[in-house]
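A.B. asks: Questions regarding the structure given below will be posed in turn.
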Amino acid sequence: MHSYLHQRRKRTLELVTFAMLGTILVVSRTITMVMLPPNVHILAPIMAASTIVYRWKALVPIYLFVVLDGLLNQGFTVWWYSWLYVWLPLWAMFMIAGKIKMPVIAQVIVYGALCALHGFAFGTLLAPYNALVFGFGLEWQGMVAWIVRGLPFDAIHSIGNLVVGTILTVPLAMALKEIKKRQV
């Protein structure tokens, strides 16, 4: 009986943590939308740290964020549907990187670079979906034009992600590891 209650308590605390992470993602995006330039936010390091610590389960706060963002910020418009997949490459990169043993300074550099890579690739990741939705079909010319037109925004996104990813990912992961350890 004790083991069952312990497992229930652990799962409950984990779900509360995921709810808080999803909420922090929504609140941070909402705040940064009005305070910072477009595409500069702290979503990547929060999602990265969640993935490093919680692995597959990190999809829970990520998709909680996606749903809440649809409800509260952008609505379930045509743009929202691309958010169902655009965060998966970031999650996948950190599923891999989180398994690699490296010194903290290497983590800071690698994690910042991965956040920057996702920021720079963001427009390219959206291009196939946008091409279909906005009537380009899957013609390369339309997608390439979309990608090229968005490069300045992707560059800003990349630089923002590099800065916040370098500064925040490792400390956030350390904090989440401590929270997870206390949930046992």
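The values are calculated or read from the model by the stated rules, or taken from the named source; none is laboratory data. In this text, all values refer to a predicted model and were calculated from it rather than measured experimentally. Note: ideal-geometry Cβ built from the backbone for every residue, glycine included; neighbour counts use all protein chains shown.
A.B. asks: Just the residues that are surrounded by 17 or more Cβ atoms within 10 Å (Cβ to Cβ) and among the aliphatic types (A, V, I, L, M), please, taken from the stretch 139-155. First the steps, then the outcome.
C.D. replies: Just the residues of the stretch 139-155 that are surrounded by 17 or more Cβ atoms within 10 Å (Cβ to Cβ), to begin with: 142-143, 146-147, 150, 154.
Across the stretch 139-155, the qualifying residues are Met143, Ile147.
A.B. asks: A follow-up question, please. What's the total number of residues in the stretch 157-184 that are of a type in the set (S, T, N, Q) and either closer than 26 Å to Tyr4 by Cβ or not in a helix (DSSP H, G or I) (or both)?
C.D. replies: Of the residues in that region, 1 qualify.
A.B. asks: In addition: Given the criteria under 17 Å from the mean Cα position of the chain (by Cα) and modelled with pLDDT of 95 or more, does Leu168 qualify?
C.D. replies: Numbers: under 17 Å from the mean Cα position of the chain (by Cα): yes; modelled with pLDDT of 95 or more: yes.
The answer is yes for Leu168.
A.B. asks: Restricting the first residue to the stretch 27-55 and requiring it to be more than 14 Å from Met93 (Cα to Cα), which pairs with a second residue that is among the aliphatic types (A, V, I, L, M) and not in a helix (DSSP H, G or I) meet a Cβ separation below 7 Å and a spacing of at least six or different chains?
C.D. replies: Between residues of the stretch 27-55 that are more than 14 Å from Met93 (Cα to Cα) and residues that are among the aliphatic types (A, V, I, L, M) and not in a helix (DSSP H, G or I), the close pairs are Ser28/Ile42; Thr32/Val40; Thr32/Ile42.
A.B. asks: Residues of the stretch 51-71 being modelled with pLDDT of 95 or more and under 23 Å from Asp154 (Cβ atoms), which ones?
C.D. replies: Answer for the stretch 51-71, where residues must be modelled with pLDDT of 95 or more and under 23 Å from Asp154 (Cβ atoms): Thr51, Ile62, Phe65, Val66.
A.B. asks: Checking Leu36 against (1) at pLDDT 90 or above; (2) closer than 21 Å to Pro171 by Cβ, which test does it fail?
C.D. replies: For Leu36, the failing item is (1).
A.B. asks: Among the residues in the stretch 126-148, are any assigned to a helix (DSSP H, G or I) and within 26 Å of Leu21 (Cβ to Cβ)?
C.D. replies: Checking the stretch 126-148: at least one residue is assigned to a helix (DSSP H, G or I) and within 26 Å of Leu21 (Cβ to Cβ).
A.B. asks: Among the residues of the stretch 103-112, count how many are surrounded by fewer than 17 Cβ atoms within 10 Å (Cβ to Cβ) and part of a helix (DSSP H, G or I).
C.D. replies: The total comes to 4.
A.B. asks: Considering each of Trp79, Trp91 in turn, give the residue that is modelled with pLDDT under 95 and under 26 Å from Ile31 (Cα atoms).
C.D. replies: Exactly one residue qualifies, and that residue is Trp79.
A.B. asks: Return a yes/no flag: does the stretch 117-132 have any residue that is loosely packed, with under 14 Cβ neighbours inside 10 Å and either acidic (Asp, Glu) or more than 17 Å from the chain's Cα centre (by Cα) (or both).
C.D. replies: Within the stretch 117-132 (the criterion being loosely packed, with under 14 Cβ neighbours inside 10 Å and either acidic (Asp, Glu) or more than 17 Å from the chain's Cα centre (by Cα) (or both)), the answer is yes, since at least one residue qualifies.
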